[in-house]
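Novice: Attaching a single structure in structure tokens format; questions to follow.
The values are calculated or read from the model by the stated rules, or taken from the named source; none is laboratory data. Nothing here was measured: the structure is a model prediction, and the numbers come from that model. We place every Cβ from the backbone using ideal geometry, glycine too, and count neighbours over all the protein chains shown.
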Amino acid sequence: MRMNIPIDPTLPSSSPDAYVEAMVKRAGTSFFWGMRRLEPARRRGVFAVYAFCRDVDDVADGDLPLDQKIELLAAWRDEVDRIFDGTATHPISRTIIETLKKFDLQRQDFIDVIDGMEMDAHPRVRIKDINELELYCDRVACAVGRLCVPIFGLKHEEGIELSRALGLALQLTNILRDVTEDAGRDRVYLPADMLADAGAVGQGIEDVLTAPRLNDVCASLAKRAGNYFDQARVIAGAADPNAARPAIMMMEVYHRVYLRLLRRGWNNLDQDVGLSKFSKIIIAIRYGLFS
């Protein structure tokens, strides 16, 4: 018997929309109030996608035993089928069903997100090579973009291209920002073959963090991220400015983090380079999400 997806009793039960909006607000994302200014159908859609991603991410990052995490993620795969045949009853799912009526979201993108979270659910994460790293990034970041861009109103092909370039840029930036934090949880997203070339003698945390040429690995991934930022900027610049605005705002936030990483360098991986919530709000104002 498949596990049921829990419904949080602390969130409003008056309607699916109220449940999802409260969930997104509680998550504390700096972009909540900006996204809230989208027209109602688009706002509902973005909140629904965010809530879905938040829920499966909480499964992967939570304290449940691995077998229960895998079972819950399998339950979400079944729930995606029910979403697309219109029979799902979970509050998050019901908001997604309403979103599907207005926007062309693809079932596989929801499954890709779940597959990415399953990669993260294991107590020890290692990435073999750059191809596996980009597959991971595609699942946990690009697929989220593919779900969002139709809601924002981007054309199909440019939305797919922007999702890929921006998703890879953002997730590589996250990985470079969080090397030591991830290592503390036995998660290493730097590719094992690159670490071996950099002098790591094994795949243990100390082996990784003391690799003689760890700087070279980080610099190489940073160059790759920079190329993806450049691609994303070109694609977004050619798109409808209103439809591209949320994606551009995300790009600007992460690009500032990326530039801070480059200025910091790779000798002190513990130094914080994150932006304050106030800085993110200023960027949102600049791009008209609070207008």
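Novice: Is it true that some residue in region 181-192 is in contact (Cβ under 8 Å) with a residue 12 or more places away in the chain, crowded, with 22+ Cβ neighbours inside 10 Å, of a type outside the set (D, E, K, R) and closer than 19 Å to Ala60 by Cα?
Specialist: yes
Novice: Name the residue, out of Val144, Val125, that is within 23 Å of Leu73 (Cα to Cα), in contact with a strand residue (DSSP E or B) (Cβ under 8 Å, 6 or more places away or on another chain), among the aliphatic types (A, V, I, L, M) and in contact (Cβ under 8 Å) with a residue 40 or more places away in the chain. Reasoning before the result, please.
Specialist: On the way: Val144 fails: in contact with a strand residue (DSSP E or B) (Cβ under 8 Å, 6 or more places away or on another chain).
Exactly one residue qualifies, and that residue is Val125.
Novice: Something else: Here's a check for you: in region 1-39, which residue that is at pLDDT below 90, closer than 29 Å to Pro246 by Cα and assigned to a loop (DSSP other than H, G, I, E, B) is farthest from the chain's Cα centre (by Cα)?
Specialist: That would be Glu39.
Novice: Here's something else I'd like to know. Check whether at least one residue in region 259-281 is modelled with pLDDT of 90 or more, basic (Lys, Arg) and within 19 Å of the chain's Cα centre (by Cα), and report yes or no.
Specialist: Initially, region 259-281 is screened for residues modelled with pLDDT of 90 or more, giving 259-266.
Retained after the next criterion (residues that are basic (Lys, Arg)): 260, 263-264.
Pick out the ones that are also within 19 Å of the chain's Cα centre (by Cα) and you get none.
No, every residue in region 259-281 fails to be modelled with pLDDT of 90 or more, basic (Lys, Arg) and within 19 Å of the chain's Cα centre (by Cα).
Novice: I need the helices (runs of 4 or more DSSP H) fully contained in region 171-258, keeping only those with at least 2 residues that are touching a strand residue (DSSP E or B) at 6+ places or on another chain (Cβ under 9 Å) and on the phi < 0 side of the Ramachandran plot.
Specialist: By residue number, 179-183, 192-197, 205-209.
Novice: When you go through Ile151, Ile160 one by one, which is the residue that is crowded, with 24+ Cβ neighbours inside 10 Å, more than 12 Å from the chain's Cα centre (by Cα), under 24 Å from Asp240 (Cβ atoms) and outside the structural domain of Gln68 (by TED's automatic domain parsing)?
Specialist: Ile151
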